[in-house]
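These notes are about the structure you will find just below.
Bear in mind these aren't lab numbers, they're just calculated from the coordinates by the rules spelled out. Quick caveat, the model's predicted, so the values are computed rather than measured. Note that each Cβ is placed from the backbone with ideal geometry, even for glycine, and that neighbours are counted across all protein chains shown.
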């Protein structure tokens, strides 16, 4: 045992072969850094909301299309169904960026409204306050740590007052840690939902089950009960007082478990806007990436170690002659491999801490490495290090421990060692590398194709300012007037919604039972001009409110091109002002709906505070944006959050761009590790064929002929990998593209570029060592062998 633990010879070997040691440690450490970061992220994603005390009994109500319901619905369920122990209405993202004022400070806050049962459902830790009493008083509030630091600075927030508006002031009764790892988004202030009517300009907007979809209804099931079995009965009950359930028989009732909610998919992509959502496909991609990186690291270690077998075999042969058994040699080599893995893990962990902030920005989630070090996770890490060390060292241990001492002494061991595994590994690595390069190119082209797709309206040099963040209409109009004075501003317009955010949804219901769902925009003339809507027909209606229909709306209403009026149900029969060419809502992937536009001459006639203020700029767009931001700050006292509309479109593909970035990074790592693997194999290959090279040169072969012969052998493996990669690329990338209605076609040049790039990297890697071997004096090789 003491001999087994004596690793002095291993350390001497590492010290003598510094190149091998550095390459091995670098490859394993970088690979394990990625594995650690990916494992931390994936674990965090898969454990979202699973830490709540009552998570197994908590469900959220959904109709299958929209997760949100209406305020007060939960109370009726609690009264009627004994299976429900308690309910909690939660309203988030409805009142984000609400303006607050404290002295000379103008701030905004994200407001969350909930029932007093909130902390019975969600085990978010409180820094100050008692979860049983923090929401006891009608005007009590719980604030986040970040908001406490931002709003109160060095003051003690407890007991302080926060003035929301003229009708509502809140008293801080608790401070909680910033919400994370939950479907509940980060919020600044939590207070009781009974106060919701004090936030809306129309106090009745949230009463009588209005604003359906704005409130999430969580229910806690009694122990042993099954509320899901009552879904059909609840659906019938809802039809007695909710018009949407009465008129739409296809609507159902579903209770989604809280622990599954993060990855839950709704029929409508807009149906879960009030919560944080996960992307199961993205998590699976990352898990696959992490696994492949680990496999690459192991392959690289095996190649490097096998390449050094000639050096280690002499030591092992000596140990065999001194009485060590094959089992002892095998165990020693496995222990060395495990030690190398453990050291690489420590380096990888240090690198992970360094790059965690960058990974967090890329993945849009905090990477909490310290939080991962629980006793259970630590045991899992130790086991994985041992397993990785065993797998990495298995093949080299078999090769070296099975070497016969007499073969090592004669010098025939190196010649007899076959390269079958190394050849397979190199082909495998190159196949994956070519596939990843092709995937990167395909994803890049597809994402650019979607971002640059024609939308049917202007997005260039147009800044969208969220009017909902502004305190009142007068501030909006003052801001618009000031912006018009800027030399870099061409036009300013106001409206309720944009094509990107899809405006408002309106369902027209007719006496014959026909129902048509429209999207609706209300805006002034400047607004429509900035967006560049194409008017196919203008009837020159003189009304202050002019109703225009898109082509798809005309078809949905079965109107002829010369129609002069339109029946819009709730809006009544109106003169048809004209027809607008269809334009794309949100981005090119969004399925369009029929749409009508209500055009006003004056923004003050919109009948509501502008939701959006569009500013068309000229000249340098970023200089113009800064001038707009300065004016915004001067008028409102608030930080500017406006965005260019083309940036909004690009950001809507954030998941695709994030996936692309991950694949590009991994492709780079794969190329790097493949390069190291090729380096190891070429070293081994040339060592084995040194005598053959010498003999060929003695019999007249030139340096060039020897060089071509050596390089050709390695490039053959790349060619084989390319042939294998072609059907894989075609299958997987076509499978990825089919999910997009607007997509590119796989071009042959994607395959060619991927193969040529991998070929070039392999050529450069192998050429240097092959050149050295080809130009070496053959006498020296013959002496050595």
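Could you grab the relative contact order for region 55-261? Cα pairs under 8 Å, six or more apart, rounded to a whole percent. Can you show the working numbers first?
Working: 393 pairs, mean separation 74.3, N = 207.
In percent, rounded to a whole number, it is 36.
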- prompt: Antiparallel as a % of all DSSP beta bridges within region 55-261, to the nearest 5?
  reply: 75
query: Label points 7 Å out from Cα along the Cβ direction at residue 544 and residue 760: separation in nm?
result: 6.6
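Under the 0.36 nm per residue contour assumption, what length would be gained going from the current alpha-carbon distance of residue 376 and residue 639 to full extension?
On the way: separation 263, 0.36 × 263 = 94.68 nm, distance 4.49 nm.
Gain on extension, residue 376 to residue 639, equals 90.2 nm.
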Segment residue 18-residue 560, extension gain: residue separation times 0.36 nm, minus the distance between their alpha carbons: 186.9 nm
- prompt: Counting only the backbone N, which residues of region 720-759 are under 19 Å from the spot 7 Å out from the Cα of residue 364 toward its beta-carbon?
  reply: 740
task: Please give the FRET efficiency for residue 279 paired with residue 591, using the beta carbon to beta carbon distance and R0 = 25 Å, rounded to the nearest 0.05.
output: 0.80
field: D_trans [Stokes-Einstein, Kirkwood Rh over alpha-carbon pairs] for region 55-261, 4 °C, 1.567 mPa s, µm² s⁻¹
entry: 72
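Could you rank the peptides 153-160, 436-443, 71-78, 539-546 by their average count of other C-beta atoms within 10 Å per residue, with the highest value first?
On the way: 153-160: 11.6, 436-443: 23.8, 71-78: 18.4, 539-546: 13.4.
The most tightly packed comes first, giving 436-443, 71-78, 539-546, 153-160.
Using mean Cβ contacts within 10 Å as the protection proxy, how do 719-729, 184-194 order, highest first? All intermediate terms of the calculation are to be shown ahead of the outcome.
Values: 719-729: 17.7, 184-194: 21.3.
In descending order of packing, they fall as 184-194, 719-729.
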- request: Output the antiparallel fraction of DSSP beta bridges having both residues in region 471-637, as a percent to the nearest 5.
  value: 70
task: Determine, at each q value in 0.11 (inverse angstroms), the log₁₀ of I(q)/I(0) that the Debye formula gives when each Cα of region 471-637 is one equal point scatterer.
output: -0.50
- request: Starting from the Cα of residue 573, step 7 Å along the direction of its Cβ; do the same at residue 126; then give the gap between the two resulting points in nm.
  value: 6.1
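Which order do the peptides 489-497, 577-585 come out in when sorted by mean C-beta neighbours inside 10 angstrom, highest first?
On the way: 489-497: 21.6, 577-585: 19.7.
The most tightly packed comes first, giving 489-497, 577-585.
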message: For the pair residue 236/residue 715, report the inter-label distance in nm, with labels modelled 7 Å from Cα in the Cβ direction.
response: 7.7
Burial ordering of 355, 255, fewest other beta-carbon atoms within 10 Å first: 355, 255
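To the nearest 0.05, what FRET efficiency results for residue 484 and residue 744 with a Förster distance of 60 Å applied to their C-beta separation?
Numbers: r = 42 Å, r/R0 = 0.70.
The pair residue 484/residue 744 has a calculated efficiency of 0.90.
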- request: Express in nm, to one decimal, how much length is gained between residue 149 and residue 608 on full extension, taking 0.36 nm for each residue of separation and deducting their alpha carbon distance.
  value: 161.8 nm
